[in-house]
Amino acid sequence: MNEPPTGVSEDDVLALVRALWDPAVDRVEHLPVGFGAWHWRASAAGEPRLFVTYDLPKPGRHTPSTLASAYAGAAALHEAGLEFVVPPVRASDARFAVPAGDGLLSATTWVAGERPAVADGVRPLLERLHATTPPARIARWRPLVGRLFAEQLAKRASVPWDRGPFGERARDSIRTALPEIAHWTARYHRLGAAEDPGAWVTTHGEPHERNQILTGSGIVLVDWESMKLAPADRDLRAPGGLFDLEWRLDEIDQFASWFAGSHGDTEDDREAIAGLEAELDRE
């Protein structure tokens with residue numbers, strides 16, 4: 001996120017990092033990266049030590065328990081020999097994520113590198129991931145929006161969204177697209193019902209380039225909070241397929257909540273309205 005969160009301060013983050021992960025850390029710096037969670041670089045004597053993340057629970061998507069199980073699963077995968085898995089670091093109290101404000105704070109060892117230039121360089125890693133015995137207690141995939149999503153969205157959009165500068169623009173865009181949203185939702189559930197749970201594998205969930213780091217030893221994958229037992233296509237996301245539709249519908253759902261509620265005219269708000277319109281308009 002481009003702006004720091006309102007739920008925790010920089011001093012709060014520094015105190016928790018020093019108390020639970022690394023007492024040598026003397027500075028945390030908010031990083032305007034990612035979307036949906038907040039991040040800081042934690043340094044000691046000018047050297048980066050940890051990449052710190054603050055997540056807010058998302059009903060139906062992430063809870064404290066599912067986040068903890070995903071992070072524990074990532075640690076188990078790394079310990080089982082998947083060297084490209086970069087898991088969060090256990091805090092001194094053995095937890096992977098600790099309460100902070102209204103959310104959860106976690107920390108990952110800082111990884112130096114850059115975004116890979118080759119788009120499909122991660123595929124061999126995903127094949128290894130999918131062939132690995134799933135960790136215990138990881139969450140199982142289930143549809144992120146219900147069959148009545150379009151009808152529910154229409155009801156939400158039947159009243160003004162006047163709690164911020166982009167509300168009515170977002171509402172108009174969604175109302176115009178409601179027939180397409182109903183079609184996408186119906187297809188999404190048809191494809192989901194055809195999947196065989198017996199063939200499901202461990203999936204990262206979002207192995208796109210922003211969650212890949214090219215190091216001197218090759219590509220590694222970060223941000224394992226969305227890990228689930230699911231069809232392999234969840235990581236491959238064929239155009240027009242189940243998980244391409246899931247991404248689109250979930251984005252629309254989250255942005256609808258964003259703009260129906262109180263919001264402003266920050267860089268994050270502007271990025272969000274552009275993201276909503278892109279999902280509604282793309283082929």
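Pairs linking a residue in region 239-250 that is among the basic types (Lys, Arg) to a residue that is part of a helix (DSSP H, G or I), with Cβ atoms under 6 Å and 6 or more positions apart or on different chains, are 248/279. Quick one: which strands (runs of 3 or more DSSP E) sit completely within region 186-237 and have at least 1 residues that are of a type in the set (Gly, Ala, Ser) and closer than 13 Å to residue 143 by Cα? Hits in region 186-237: 228-230.
Cβ separations smaller than 9 Å between residues 6+ apart or across chains give the following pairs from region 19-34 residues that are outside the structural domain of residue 271 (by TED's automatic domain parsing) to residues that are aromatic (Phe, Trp, Tyr): 28/40; 29/40; 30/38; 30/40; 31/38; 31/40; 31/51. Look at region 62-81: where a residue is in the same structural domain as residue 142 (by TED's automatic domain parsing) and within 19 Å of residue 143 (Cα to Cα), no partner that is modelled with pLDDT under 95 and assigned to a helix (DSSP H, G or I) sits 6+ places away or on another chain with Cβ atoms under 7 Å.
A search for C-beta distances below 7 Å between a residue of region 205-232 that is closer than 12 Å to residue 114 by Cβ and any residue that is of a type in the set (Phe, Trp, Tyr), counting only pairs 6+ apart in sequence or on different chains, returns 219/84; 220/84. Residue pairs whose Cβ atoms lie under 9 Å apart, sitting 6 or more positions apart in sequence or on different chains, and linking a residue in region 178-199 that is assigned by TED's automatic domain parsing to the domain that holds residue 153 and closer than 12 Å to residue 243 by Cα to a partner that is of a type in the set (Lys, Arg) and loosely packed, with under 10 Cβ neighbours inside 10 Å, are 192/142. Residue 41 - would you say it is within 20 Å of the chain's Cα centre (by Cα), assigned to a strand (DSSP E or B) and either surrounded by fewer than 16 Cβ atoms within 10 Å (Cβ to Cβ) or among the charged types (D, E, K, R) (or both)? Considered against the rule, which asks whether it is within 20 Å of the chain's Cα centre (by Cα), assigned to a strand (DSSP E or B) and either surrounded by fewer than 16 Cβ atoms within 10 Å (Cβ to Cβ) or among the charged types (D, E, K, R) (or both), residue 41 comes out as yes.
Taking the conditions (1) in a strand (DSSP E or B); (2) at pLDDT below 95 in turn, residue 50 satisfies each one other than (2).
The values are calculated or read from the model by the stated rules, or taken from the named source; none is laboratory data. Just so it is clear, the model here is predicted, and its values are computed rather than measured. With ideal geometry, Cβ positions are generated from the backbone for all residues, glycine too; neighbour counts draw on all protein chains shown.
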